[in-house]
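Taking it in order: structure first as structure tokens, then the write-up.
Read the figures in this text as sums done on the coordinates, not as results from a lab. Quantities reported herein were computed from a predicted structural model and do not represent experimental measurements.
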Amino acid sequence: GHLVGVQRRAVEEMEEVKEEGEEMDVNDCGGGGLEVVRVLVVDDSPVDRKIVEMLLRRSEGIFDVVSVDSGKKAMEVLGLNEIEAKPPNHDDQKIDIVLTDYCMPEMTGLDLLKAVKANSSSRSIPVVMMSSENDSERISSCRAIGAEDFILKPLQVKDVQRLRTYTVPIGPMSKRGSKRKLPMALIAKSNGERHAPPR
Amino acid sequence: MELGSLQRRYIDFTTALFREGFLDNQYTQLQQLQDESNPEFVLEVVTLFFEDSEKLLDELSRTLDQQVVDYKKVDAHVHQLKGSSASIGAQRVKNVCMAFRNFCEERNQEGCLRCLQQVRQEYFLVKSKLETLFRLEKQILAAGGSVPVLW
């Protein structure tokens, strides 16, 4: 039926991304199987949440997605409290990486990033920012506070596939193919090099 | 209508949508994400876009109608509309939003009201086009055929 063409093309693209991902894994991880990565998606836009969820789910089953529509709800999922930090308990969902929009009402993505990095129980969780604005000041602020990366919206398949690399031990620097990505030098940390933003 | 004609009509209609700038490559990205386990993904995302946009347009009308306009609020709504229209590939809506934000920054009420009218027009145009597209897809499937893949 008509979905065959859709599926074939999508599978081809995912395989291309997977090949790239596998190459990076071989170079960076030194072995080990692909574990499921639990991603907390934070975005007040229902449209963007749905698209990001689908991008993650189509990534060959390596992402388990939890999505919320506010920074406040993200804090709850992470077992954090806006007023005072509390240690995580077994009821809190274990999150491997946070993917958050920057512009959100009340608690922005930047506020969430600060809260995650300020708390000893969540500090090690990588936080990746998403934004439709390519704002160098915004990117610098996020970087300074500890964001792993800053991705321009709308997200693409390759943007999502790369998320996994932020949750595994870093090896030698790998090539970055996307012109739209502004790497935060996570991989470069391990070898002392720095990435300059492409724009 | 006969299947072949429906499919030809679909191809012509879709091609025109992209040529006239109503849709851009982001829409194609959404189509590529759709598969047999999520056969209604594009329809679901676009439906969310319709609901979200109409809420935002109503809010914009209300906010711009105030005695003292809160331009920060207007800008926040336009930013959201710009984001979601970019996410589904509604290029003309997105472009008007960009101009709209400039008027917000200038606190230009007249400019904002003109943009509101324009963005509303573009939104309802693309909504109508997408509804026609989905209707054609449904008709093709009902006739036992496949929806042509144009990418």
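What is the helix-to-structure angle for B:3-19, meaning the angle in degrees between its Cα long axis and the longest Cα principal axis of chain B, kept from 0 to 90 and rounded to the nearest 10? The two axes meet at around 30 degrees.
Helix content alone sets the calculated 222 nm mean residue ellipticity of chain B: runs of n ≥ 4 DSSP H residues at -39500 (n - 2.57) each, divided across all residues, give -26500 deg cm²/dmol.
Let a ≥ b ≥ c be the square roots of the eigenvalues of the Cα gyration tensor of the range B:47-151; is it rounded (a/c under 1.5), or, if not, prolate (a/b larger than b/c) or oblate?
Numbers: a/c = 3.28, a/b = 2.71, b/c = 1.21.
Here the range B:47-151 falls in the prolate category.
The angle separating the long axis of helix B:41-64 from the principal Cα axis of greatest extent in chain B is about 20 degrees. Across the range B:15-83, the relative contact order, built from alpha-carbon pairs under 8 Å that are at least six residues apart, equals 18 percent. The C-alpha atoms of chain B define a longest principal axis, and helix B:109-142 lies at about 10 degrees to it. Over what distance in Å are the Cα centres of the range B:12-82 and the range A:105-145 separated? Value for the Cα centre distance between the two parts: 26 Å. Among B:33, B:60, B:17, the largest mean-square fluctuation in a Gaussian network model of chain B, built with springs joining Cα atoms closer than 10 Å, belongs to B:33.
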